[in-house]
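A.B. asks: Dropping the structure in here first, questions after.
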2 protein chains.
Amino acid sequence: MVQIKKLNSADSNFNQALQQLLSFDTIMDESVDTTVAQILADIKARGNAAVIEYTHRFDHVHASSINTLELTRRELQQSLSTLPVKQRQALEHAASRIRSYHEKQVASSWHYQEADDTMLGQKVTPLDRVGLYVPGGKASYPSSVLMNAIPAKVAGVKELFMVVPTPHGEKNDMVLAAAAISDVDRVFTIGGAQAIGALAYGTETIPQVDKIVGPGNAYVAAAKRRVFGIVGIDMVAGPSEILVICDGKTDPDWIAMDLFSQAEHDELAQSILLSPDAGFLDKVAQSIDQLIETMPRKNVICAALENRGALIRVRDLEEACTIANSISPEHLELSVDRPEHWVDKIRHAGAIFMGRHTCEALGDYCAGPNHVLPTSRTARFSSPLGVYDFQKRSSLIQVSEQGAAELGEVASILANCEGLQAHARSAEYRIKA
Amino acid sequence: MVQIKKLNSADSNFNQALQQLLSFDTIMDESVDTTVAQILADIKARGNAAVIEYTHRFDHVHASSINTLELTRRELQQSLSTLPVKQRQALEHAASRIRSYHEKQVASSWHYQEADDTMLGQKVTPLDRVGLYVPGGKASYPSSVLMNAIPAKVAGVKELFMVVPTPHGEKNDMVLAAAAISDVDRVFTIGGAQAIGALAYGTETIPQVDKIVGPGNAYVAAAKRRVFGIVGIDMVAGPSEILVICDGKTDPDWIAMDLFSQAEHDELAQSILLSPDAGFLDKVAQSIDQLIETMPRKNVICAALENRGALIRVRDLEEACTIANSISPEHLELSVDRPEHWVDKIRHAGAIFMGRHTCEALGDYCAGPNHVLPTSRTARFSSPLGVYDFQKRSSLIQVSEQGAAELGEVASILANCEGLQAHARSAEYRIKA
């Protein structure tokens, strides 16, 4: 029996119980942070030599030079060609759908002309060079390569570097194949804080990048936080979350498995079900108990469901949407009739899966939208990873002589109010002319 | 005589000299960070009472309750009505142009249907609630209120709160008038790390916001860095920078004043001029020496120009653009013939001011584009503040029965490769149906 919490929104202590369920403190491990600071300083000071040493120490890979830690395009293609046909096709199918979706996100430069010929606009350009971190070992996911690399390439990033550690020299063909499919330009088999340092500062061999994306362990996360500002970074992700809203008419086994699919990520993952149908909640609880026995990752799923999961009875679907907004989940399934009606009531969610056939797993791999999503209530203010994360904007301002005369007056008045007389004078010069 | 550096790109040690000129270490003051951590913890634990105490201690304002620290809409309107007509008109003119420009940045939801009726898209929504920090005292700039508040309101943010400290009770009418013009919803006269804490955690009276924007001193910056993740924040800005590229045909007084207008911000501000015309560089140096005597902020300007300024002779305009890209400046003036030709060669800059009449000061106040721009080479990967900072996206996925059958196969193969069997099973359920 999985001891998953059962809550009822009608209970007087419901809000408190919900807050407790959601509360999650990221504990910053000081010793991790100190180690990372030392590694970064060392990479910055000694470049290649330090990268080689740390790779030897942590990954047990001995390299005579940094060049031997770079994989050639041919090696990536080889990994792709060794895959069973079905796996290769699945990767390529997923990549093609991810590419099509992300092409819709490309922003273009724009400008407009005013009556006096003043031109205003915004120039949109891709980032020059991006680094993609891919974890080694068990958590080495080919889908993550596709989801991070393809938006960068669609944005027009010319140089996309991937770093992936190969502990004891062990490579993951599926990951390298995904790199080949997504047109990653260079791959270095390095990892940890040393890889983040190499990308952020550059070494004699590895050029400095402009942004680093991709998931990693506590050391990688701490290193990314530290180099932020020198390079851009994506969000540092918290544990994964799913919130399912169900009207009670979906097969309870399906919903139980959807909750499992989030819970199997790790013991801190969060799976919550909201339904107005008490009988249905009971059925899902039964499905959980039956299905859990068949799951290879049973222990992880159990721990996650018991620690952070819940089956919550709500008054109606309206209230479910209100609660969903307050939770602002990473993944939200609307397993209901007419999901297009209810989606209008959702303001905060990383991704919204509409209808009984749209399980989260389809979105994780191949529907097209990105699986890198805001966690821990950050969907209140942030967005899925997208092409917009690999483009940036520059304002364009070209003021005509007539425009300068008019705007110069305004700027001069405001600058003088702010005590910035050089600003005022600079604007006034353009009036006289 | 202002001792501004003179460099020549043809010199053998030029690259090194340029690196040295640009290098700028943000020193994180540990004692500031410790103080801030304590204040934040205290605000989180004790809410209103702590806010009132710190406001008393740091701003010497005694408040019996938090309500007396809130300004009414009427008080803001009063500030607006007390302004001299010219100032009021200047503020309104600037606001109207800023609004028009930012309206071009509004993103809309989009979706598309595939042949099998699967729907994919992205839902764009404004943030619910945003906090705008405005410094008190001398650095209290009405233009900064307009530049931060208007994009939020154009994005559709329903609740826009402003916090501004009033040391010894002193209010800045111009700042409050700017708040009235930009439709700020609530204003609290609190500041420092305590204001950031109140916005980030919420108190009994002040609701938690979703994002905090706006400039501030070292305490405010440290507090924003600490609450990042609980709420969104804008970038923590470094010293302001201008890079001017001039072909030698602009009045040297104009260029000197443009360099001053950046230098007058503070002693760490950076003003650099690139020109292929050695004689012109000498003339600008002469203008600097003549004009400096007339500037009320002479000392600050001198210090900035001597510490971090430079007049650089380049081979040609082509090389100037290459150097500009490597500097990735916050502000770039193209004071040249045919700026529309040269702008194509610029990849990294916060804002590009095209043509001799387009001085940076016009952009700072009233041209329309935002004056909150990426500093310290971050234009390589980030953008001016815009409406896009106050909108966020949710992926939309609605897979049809037929689509689920096809995508389920792909997801199942990839999930099994990654050892995530619950993901695979969840997808497979949707195939059978």
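A.B. asks: Taking beta carbons within 10 Å but only from partner chains, what does the mean come to for residues A:263-272? Let's see the in-between values first.
C.D. replies: Working: counts 1, 7, 3, 0, 0, 0, 0, 0, 0, 0.
Taking all residues of A:263-272 together, the mean is 1.
A.B. asks: Over all directions, how big on average is the projection of the convex hull of the alpha-carbon atoms in region A:303-433, in square nanometres?
C.D. replies: Numbers: hull surface 58.8 nm².
Average of the hull's projected areas for region A:303-433 equals 14.7 nm².
A.B. asks: Now a separate question. Work the Kirkwood hydrodynamic radius out for the protein assembly as shown: mean of 1/r over every pair of different alpha-carbon atoms, inverted, in Å.
C.D. replies: Values: mean 1/r = 0.0349 Å⁻¹.
In the protein assembly as shown this quantity evaluates to 28.7 Å.
A.B. asks: Mind checking Rg over Rh on region B:1-105, alpha carbons, Kirkwood formula for Rh? All intermediate terms of the calculation are to be shown ahead of the outcome.
C.D. replies: On the way: Rg = 24.4 Å, Rh = 20.3 Å.
Radius of gyration relative to Kirkwood radius: 1.20.
A.B. asks: Once you have the Kirkwood Rh of chain A from its Cα pairs, apply Stokes-Einstein at 37 °C and 0.692 mPa s and quote D in µm²/s.
C.D. replies: Details: Rh = 24.4 Å.
It comes out at roughly 135 µm²/s.
A.B. asks: Largest first, please: the extent of the C-alpha atoms of region A:69-137 along each principal axis, to the nearest Å.
C.D. replies: Its Cα atoms span 64, 29, 22 Å along the three principal axes.
A.B. asks: Then there is this: Using the eigenvalues of the Cα gyration tensor, what equivalent ellipsoid semi-axes result for region A:267-368 when each is taken as the square root of five times the eigenvalue, whole Å, largest first?
C.D. replies: Values: eigenvalues 103, 58, 37 Å².
Output for region A:267-368: semi-axes of 23, 17, 14 Å.
A.B. asks: Rg (Å, one decimal) plus Dmax (Å, integer) for the alpha carbons of region B:127-255?
C.D. replies: For region B:127-255, the Cα radius of gyration and maximum Cα-Cα distance read 16.6, 61 Å.
A.B. asks: Hey, can you rank A:416-428, A:295-307 by average C-beta count inside 10 Å, highest first? Walk me through the numbers before you get to the answer.
C.D. replies: On the way: A:416-428: 22.8, A:295-307: 18.6.
Highest-to-lowest ranking by the protection proxy: A:416-428, A:295-307.
A.B. asks: Continuing with the same structure: Using Cα pairs under 8 angstrom and six or more residues apart, how large is the relative contact order of region A:30-233, in percent?
C.D. replies: Details: 356 pairs, mean separation 60.3, N = 204.
It comes to 30 percent, rounded to a whole number.
A.B. asks: Using a Förster distance of 45 Å, how high is the FRET efficiency between A:N67 and A:E306, based on the Cβ-Cβ distance and rounded to 0.05? List each step's numbers first, then the result.
C.D. replies: Numbers: r = 49 Å, r/R0 = 1.10.
E between A:N67 and A:E306, to the nearest 0.05, is 0.35.
A.B. asks: I'd like the FRET efficiency for B:K249 and A:A278, computed as 1/(1 + (r/R0)^6) with the beta carbon distance as r and R0 of 45 Å, rounded to 0.05.
C.D. replies: On the way: r = 80 Å, r/R0 = 1.78.
My answer for the efficiency is 0.05.
A.B. asks: Name the residue, out of A:S412, A:S335, A:S81, whose mean-square fluctuation peaks in a Gaussian network model built on chain A with Cα pairs under 10 Å.
C.D. replies: A:S412
A.B. asks: With r as the distance between the Cβ atoms of B:E340 and B:D316 and R0 = 25 Å, compute the FRET efficiency 1/(1 + (r/R0)^6) and round to 0.05. Don't jump to the answer; show the numbers that get you there.
C.D. replies: Numbers: r = 18 Å, r/R0 = 0.72.
Computed FRET efficiency for B:D316 and B:E340: 0.90.
A.B. asks: Right, something else. Using alpha carbons only, how many angstrom separate the centre of region B:199-247 from the centre of region B:342-362?
C.D. replies: Taking the Cα centre of region B:342-362 as reference, the centre of region B:199-247 is 26 Å away.
A.B. asks: Which distance in nm do the two modelled labels at B:H168 and B:W110 give, with both placed 7 Å along the Cα-to-Cβ direction?
C.D. replies: It is 5.5 nm.
A.B. asks: At 7 Å along Cα-to-Cβ for each site, give me the label-to-label distance between A:A218 and B:A41 in nm.
C.D. replies: Rounded to a tenth, the inter-label distance reads 2.0 nm.
A.B. asks: In addition: Suppose you put the label 7 Å out from Cα in the Cβ direction; list, shortest first and in nm with one decimal, how far A:W110 is from each other copy's label.
C.D. replies: 1.1
A.B. asks: If you don't mind, there's one more thing I want to ask. Compute log10 of I(q)/I(0) for region A:91-197 with the Debye formula, placing one identical point scatterer on every Cα and leaving out solvent, at q = 0.11, 0.18, 0.19, 0.23 Å⁻¹, to two decimals.
C.D. replies: Calculated log10 I(q)/I(0) at the listed q: -0.43, -0.86, -0.93, -1.21.
A.B. asks: Let me ask you something else. Between chain B and chain A, with a rotation axis joining them, whose C-beta in B is nearest that axis, and what is the whole-Å distance?
C.D. replies: B:Y388, 4
A.B. asks: Relative contact order, percent, of region A:190-313 when contacts are C-alpha pairs under 8 Å separated by at least 6 residues? All intermediate terms of the calculation are to be shown ahead of the outcome.
C.D. replies: Numbers: 183 pairs, mean separation 26.2, N = 124.
It rounds to 21 percent for region A:190-313.
A.B. asks: Classify region B:174-247 from the C-alpha gyration tensor, please: rounded if a/c falls under 1.5, else prolate or oblate depending on whether a/b exceeds b/c. Write out the running numbers ahead of the final one.
C.D. replies: Numbers: a/c = 2.49, a/b = 1.48, b/c = 1.68.
Cα axes put region B:174-247 in the oblate bin.
A.B. asks: Can you bin every Cα-Cα distance in region A:30-233 into 10 Å intervals starting at zero and give me the percent of pairs per bin, rounded to whole numbers?
C.D. replies: The percentages, shortest bin first, are 9, 33, 33, 16, 6, 3, 0.
A.B. asks: Here is a follow-up. Given a cut-off of under 8 Å on Cα pairs at least six residues apart, what relative contact order in percent is computed for region B:1-128?
C.D. replies: Details: 41 pairs, mean separation 10.5, N = 128.
Answer for region B:1-128 is 8 percent.
A.B. asks: Points 7 angstrom from Cα along the Cβ direction at A:R74 and A:Q208: gap in nanometres?
C.D. replies: 3.4 nm
A.B. asks: Taking loop as defined by DSSP and a crowding limit of 15 other beta carbons within 10 Å, which trypsin sites (Lys or Arg not before Pro) in region B:201-278 fit? Mind showing how you got there, number by number?
C.D. replies: Details: sites: B:K211, B:K224, B:R225, B:R226, B:K249; in loops: B:K249.
Sites meeting the loop and neighbour criteria: B:K249.
A.B. asks: What percent of all Cα-Cα pairs in region A:204-338 falls in each 10 Å bin, counting up from 0?
C.D. replies: Values per bin, smallest distances first: 12, 35, 26, 16, 10, 2, 0.
A.B. asks: Cα-based Rg of region B:372-433 per 2.2 N^0.38 Å, rounded to two decimals? Each step should come with its number before you reach the end.
C.D. replies: Working: Rg = 20.1 Å, N = 62, 2.2 N^0.38 = 10.6 Å.
For region B:372-433, the normalised Cα radius of gyration comes out at 1.90.
A.B. asks: A further question on this structure: What's the average, rounded to a whole number, of partner chain beta-carbon atoms within 10 Å of each residue's beta-carbon in B:345-352?
C.D. replies: Values: counts 0, 4, 7, 6, 5, 4, 7, 8.
Taking all residues of B:345-352 together, the mean is 5.
A.B. asks: Please list the radius of gyration and Dmax for region A:66-105, considering alpha-carbon atoms only, with Å as the unit.
C.D. replies: Final numbers for Rg and Dmax: 13.9, 39 Å.
A.B. asks: Can I ask one more? Provide A:H265, A:H62, B:H371 in ascending order of the number of other Cβ atoms located within 10 Å of each residue's Cβ, fewest first. Numbers along the way, then the final one.
C.D. replies: Working: A:H265 22, A:H62 10, B:H371 26.
In order of increasing Cβ crowding within 10 Å: A:H62, A:H265, B:H371.
A.B. asks: Still on this structure, please answer the following. At 10 °C and 1.306 mPa s, what whole-number value in µm²/s does Stokes-Einstein give for the translational diffusion of region A:314-382, with Rh from the Kirkwood sum over Cα pairs? Please report the intermediate quantities before stating the final value.
C.D. replies: Numbers: Rh = 12.3 Å.
Calculated translational D: 129 µm²/s.
Since every read-out is calculated from the coordinates, none of them should be taken as a lab result. Remember, predicted model here, so these are calculated numbers, not experimental data. Neighbour counts run over all protein chains shown; Cβ positions are idealised from the backbone, glycine included.
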